1. Of all DSSP beta bridges in the chain, what percent run antiparallel (nearest 5)?
2. Rg(Cα) of segment 280-343 divided by 2.2 N^0.38 Å?
3. Note down the nm distance, to one decimal, between modelled labels 7 Å out along Cα→Cβ at residue 130 and at residue 47.
4. Over the chain, with a Gaussian network built from C-alpha contacts below 10 Å, which listed residue (66, 135, 160) shows the highest mean-square fluctuation?
5. Between residue 334 and residue 240, take the C-beta separation as r, use R0 = 41 Å, and let me know the FRET efficiency to the nearest 0.05.
6. Magnitude of the Cβ-charge dipole of segment 280-343, K/R +1 and D/E -1, about the Cα centre, nearest 20 debye?
7. I need the helices of the chain that pass two filters: whole DSSP H segments spanning 27 Å or more by Cα along the axis, and mean Kyte-Doolittle score no lower than -1.0.
8. Along the principal axes of its C-alpha atoms, what lengths does the chain span, in descending order and rounded to whole Å?
Amino acid sequence: MKLGLIGLPGSGKTTIFEALTQNVLDSLNKKENRVGTIKVPDKRLDVLSGMYQPKKTTNAQVEYFLPGMMDKNKDKTKDPTGWIQIRECDALIHVIRNFGIYGSEKPSPRKDFQEIDMELILADLIVVEKRLERLKLDRKRGKKTDQEEFPILKECLETLENEIPLRKNKELADSHLLRGYAFLSAKPMLVLFNNDDENNSIPDNTNSLTSTENCGIIRGKLEHELAQMTSEDAQDFLKEFNIASSARDRVIHQSYKILGLISFFTVGPDEVKAWTIKKGTSAVDAAGAIHSDIKKGFICAEVLSYEDLMNAGSYQEAKKKGTVRLEGKTYDVLDGDIINFRFNI
């Protein structure tokens, strides 16, 4: 899972990136891309690790990407829209300034959001128009074209021309026919209002935005300081500023939510591990997330929910209570499932 940070200059993208990844640099070449891979905190994994005492405990991971400043001459030749670096991301985090800067205008979150969102829409519009022109030309030349591709691109064109991001039409955004295009406005988005240290409120005049987008609040400068502290100092800091949990934990949770992700677990004496999959993933596909051979030789999945394990106290007791069950290929894995895959190659 990879999320790209976007936003206007001065919005605090670098501050937020460093707060999330604890990847703080004293000096920085702004043209360089930065990637931070962090462990996904999960109390359930901690409990399971305590129960099984494995040799190794492996958290799920999430990757945050901060694109460097674009080289207009170099990057425009690869992607005329100027968004080539962010297209490979699974989702976007749109950082919006909601803090004061001496000598600058007051923050205008709604306006800033619309400015970047319109850039995403226009970038996708360029791609759609070029592809439709190509398809029309191919038809004139008598070349065979995908009969489903043209109408779905026409629907994209109409949506974008009406200044509506493709993510607003989930069925359209999720279409397998559009996967190769990596449309920017189709990507799930988390809007983060970057507030002053003392401000923990949603900005005024953003009701239309907060009611239609996934939004969150972060006090970037404060969280940046927190990211550089020891765990003990961080706990005192959280209490002092009345912060229930760090922004890092909250943003990870929101990242999972916008991408529709869940976690299942595999347990044993060698390793207790959390695996990340899409909600609605079948047991056989979840097996494939571990290894293609397990998917290929899938027989069944021995499943126990985390809650049932906690209620029983142990795996053996859960078996006695009948809460450990065998599921087939089509079973939809649920968040918190503990699974032992049976397979034969």
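Throughout, read-outs are computed from the coordinates displayed, never taken from laboratory work. From a predicted model like this one, the values you see are computed outputs, not experimental measurements. Don't worry about glycine lacking a Cβ; one is built from the backbone with ideal geometry, like all the others, and counts go over all protein chains shown.
1. Details: 23 of 46 bridges.
Given both bridge residues lie in the chain, the antiparallel proportion sits at roughly 50 percent.
2. Working: Rg = 11.8 Å, N = 64, 2.2 N^0.38 = 10.7 Å.
So segment 280-343 has a normalised radius of gyration of 1.10.
3. So the two model labels end up 5.1 nm from each other.
4. 135
5. On the way: r = 38 Å, r/R0 = 0.93.
In this case the efficiency is close to 0.60.
6. On the way: 8 positive and 10 negative charges, 64 e Å.
In total the dipole reaches around 300 debye.
7. On the way: long enough: 109-140 (47 Å, -0.48).
Flagged H segments are 109-140.
8. Taking max minus min along each principal axis of the Cα atoms, the chain gives 65, 62, 37 Å.
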